[in-house]
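The values are calculated or read from the model by the stated rules, or taken from the named source; none is laboratory data. Here the structure is a predicted model, which means the values were calculated and not measured. Using ideal geometry, Cβ is built from the backbone for each residue, glycine included, and neighbour counts are taken over all protein chains shown.
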Amino acid sequence: MSAPSTVAELLDGRAGDDSPGVVDAEVCWSWSEVVARADAVACWLGGVPGEGPFHVGVLMENTPAHLLAILGAARSGAAVAGLNTTRRGAELARDVLHTDCRVVLTDAACAPLLDGVDLEGTPAVVVGPEGVPGEHVPADPRPARTVGPDDLFMLLFTSGSTGAPKAVRMTHGRAAGMANRSAWFGSDDVLYNAMPLFHGNAINATVLPALATGATIALRHRFSASEFVPDLRRFGATFFSTVGRALSYVLAAPETPHDRDHRVRWGLAPESSPADIEAFRQRFGITCFTGYGSSENAIILTPVPGMPAEALGAPQEGVDVVVVDPASGEERPRARFDEGGRLLNAEEAIGEIVGRNVVDRFEGYHRNPEADAERTRNGWYWSGDLGYVDERGIFYFAGRSGDWLRVDSENFAAAPVERILGRFPGATGVAVYAVPDERTADDQVMATIELAPGQDFDPQAFEAFLDAQPDLSRHWAPRYVRVGVLPIGATNKIDKRPLRAERWWTEDPVWWRPARGVPYRRLTAGDLTELEDHFRAHGRDPHRP
């Protein structure tokens with residue numbers, strides 16, 4: 001029997017499966033019940049006015065109704081545009097209109113988010129727990145339309161860290177292919193998901209593998225650090241997936257005697273710090289892997305045995321992934337490390353992660369040919385992420401393409417600096433970013449540090465810490481240090497955009513060095529006035545982007 005080639009065929013494989021399919025705090029549905037309910041949603045979508053396949057926006061938290069909307073649309077031939085529940089007003093309207101949604105499905109909890117939002121006539125329909133308006137389930141809801149591998153399954157928005165979010169196309173064929181490669185799960189697994197269903201992490205790491213293997217999906221409507229481990233225990237989870245700072249938030253919850261009372265075998269935690277991964281293993285006995293992927297899904301790096309904790313992994317056999325100079329396209333030299341594993345040649349080793357034979361894996365952005373062309377220039381797939389690779393072919397993350405800094409003519413990336421500053425005692429999170437220099441077109445380094453509760457920032461201890469770091473270049477030490485809470489997006493990733501925009505104009509305390517070699521001191525209103533005068537004296541605008 002050939003492997004399923006569409007999500008609809010994956011659903012066919014679960015139609016007679018009476019094992020648990022979807023559970024949350026209120027429901028426990030077998031897979032056969034899930035398929036029947038998805039068919040009811042498909043039947044209802046089949047009655048939406050208009051000809052041919054269409055896009056349906058879904059604005060809900062991680063409810064069973066949200067999952068039914070995704071699966072029902074897949075069965076009917078419609079494609080879901082996952083709408084970010086943290087977007088508001090004109091931004092939310094932009095996402096709906098940009099993806100040409102014919103209808104938006106929401107629920108009672110999220111419907112108020114659409115109050116006063118101009119969707120230009122796009123109807124918004126409030127659905128019930130079964131995923132359709134009201135509670136009626138048709139007696140024979142099976143839709144007639146056949147779905148093919150090239151048909152669109154979902155539009156997944158990027159985070160928009162470098163502009164307006166882009167809607168990544170994901171066909172049924174790509175989705176089914178990812179599901180079919182989920183051999184590490186079995187039907188007795190329980191996959192716990194607290195990441196938003198509008199994001200690729202939840203779809204690729206939980207929903208598709210469960211459809212392929214018959215594993216159970218356990219849903220948490222919204223991520224909760226305090227309920228994370230109790231949920232693992234409550235649902236009997238064997239796996240979970242997180243993104244960004246989620247592990248650090250769970251670690252901040254009070255320890256209990258039951259921290260290791262669970263069935264979890266492993267977790268997926270991309271963009272988690274090595275310190276958090278190790279602390280999680282020590283406390284909960286759970287090994288987490290980072291790996292590398294994106295909504296575009298062209299380049300995937302998976303963990304390999306014996307790799308350092310901070311590494312991303314290596315590409316699949318036959319996939320040509322390299323690190324290149326973004327300007328010339330020339331391959332960067334391999335990274336060199338000292339005996340302590342610290343990067344010695346960051347300036348020459350760091351570049352953009354590029355796939356030279358994976359363009360066909362990228363299915364494009366919806367209505368954005370300029371972004372398509374930028375991603376696939378010269379026949380390569382340009383990830384937009386910075387990294388470096390060692391002699392074994394193991395890759396490391398160095399930041400986003402917008403995370404380049406240039407100080408005193410030295411170019412470097414933010415992520416290695418963040419890893420170093422993350423060693424500072426008491427730091428629970430660090431973001432490093434460029435701010436303007438008052439005299440030249442170069443940058444200055446600014447860091448925002450989030451400290452553990454009860455910790456105070458000691459500038460003298462911080463200076464001593466910097467002096468003790470052998471892998472900290474003299475240009476990498478931050479001139480400005482802001483101490484406060486790091487802003488995060490819907491998937492717990494740090495959002496540097498407000499930090500870059502606010503710079504030193506913030507209510508948070510900021511320490512700075514007026515000149516190199518001068519001790520850190522608190523930035524005052526008088527310092528700000530003098531700093532702005534220096535900008536203007538050198539013909540520069542202190543408020544420039």
Every residue from the stretch 443-460 that is within 21 Å of Trp504 (Cα to Cα) and assigned to a loop (DSSP other than H, G, I, E, B):
Asp456, Phe457, Asp458
Applying the selection to the stretch 10-35, what residues are buried (at least 18 other Cβ atoms within 10 Å of the Cβ), of a type outside the set (Lys, Arg) and within 21 Å of Gly148 (Cα to Cα)?
Leu10, Leu11, Gly13, Val35
For the stretch 471-487, the count of residues that are outside any loop (DSSP other than H, G, I, E, B) and either charged (D, E, K, R) or exposed (fewer than 15 other Cβ atoms within 10 Å of the Cβ) (or both) equals 1
Let me spell it out: the conditions are (1) without any contact (Cβ under 8 Å) to a residue 60 or more places away in the chain; (2) within 24 Å of the chain's Cα centre (by Cα), and Asp527 meets all of them except one. Which number is the exception?
(2)
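Quick test for you: out of Arg265, Arg281, Arg332, pick the one residue that is under 24 Å from Ala202 (Cβ atoms), charged (D, E, K, R) and touching a strand residue (DSSP E or B) at 6+ places or on another chain (Cβ under 6 Å).
Arg281
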Of the candidates Ala452, Ala490, Ala468, Ala525, the one satisfying the condition of being over 28 Å from Gly340 (Cβ atoms), assigned by TED's automatic domain parsing to the domain that holds Val432 and surrounded by fewer than 18 Cβ atoms within 10 Å (Cβ to Cβ) is Ala525
Of the numbered conditions (1) of a type outside the set (Phe, Trp, Tyr); (2) touching an Asp or Glu at 6+ places or on another chain (Cβ under 7 Å); (3) at negative phi, Ala252 satisfies every one except a single condition; which is it?
(2)
Need the failing condition index for Asp408 against (1) touching a His at 6+ places or on another chain (Cβ under 6 Å); (2) farther than 30 Å from Leu528 by Cβ, just the number.
(2)
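Restricting the stretch 417-442 to residues that are part of a loop (DSSP other than H, G, I, E, B) and among the acidic types (Asp, Glu), which is modelled with the lowest pLDDT?
In the first step, residues of the stretch 417-442 are kept if they are part of a loop (DSSP other than H, G, I, E, B); the result is 422-426, 437-442.
Checking which are among the acidic types (Asp, Glu) leaves us with 437-438, 442.
On the way: Asp437: 92, Glu438: 91, Asp442: 87.
Among them, the one singled out is Asp442.
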When the stretch 347-365 is checked residue by residue, the ones that are surrounded by fewer than 13 Cβ atoms within 10 Å (Cβ to Cβ) and either in the same structural domain as Leu155 (by TED's automatic domain parsing) or part of a loop (DSSP other than H, G, I, E, B) (or both) are none
Scan the stretch 215-228 and tell me whether some residue there is more than 17 Å from the chain's Cα centre (by Cα), within 21 Å of Glu278 (Cβ to Cβ) and crowded, with 20+ Cβ neighbours inside 10 Å.
yes
For the stretch 455-465, which positions are in contact (Cβ under 8 Å) with a residue 40 or more places away in the chain and surrounded by 14 or more Cβ atoms within 10 Å (Cβ to Cβ)?
Phe457, Pro459, Phe462, Glu463, Phe465
If the requirement is being among the basic types (Lys, Arg), in the same structural domain as Asp390 (by TED's automatic domain parsing) and within 21 Å of Ser401 (Cβ to Cβ), which of these qualifies: Arg332, Arg336, Arg342?
Arg332
Restrict the check to the stretch 70-86 and report whether at least one residue is more than 24 Å from the chain's Cα centre (by Cα) and surrounded by fewer than 21 Cβ atoms within 10 Å (Cβ to Cβ).
no
Do you know which residues across the stretch 377-432 are among the acidic types (Asp, Glu), under 29 Å from Leu451 (Cβ atoms) and crowded, with 16+ Cβ neighbours inside 10 Å?
Asp385, Asp403, Glu418
So, in the stretch 304-346, of the ones that are surrounded by 13 or more Cβ atoms within 10 Å (Cβ to Cβ) and among the charged types (D, E, K, R), which residue ends up nearest to Asp471 (Cα to Cα)?
Arg342
Those helices (runs of 4 or more DSSP H) lying entirely in the stretch 28-121 with at least 3 residues touching a helix residue (DSSP H, G or I) at 6+ places or on another chain (Cβ under 6 Å)
31-45, 64-76
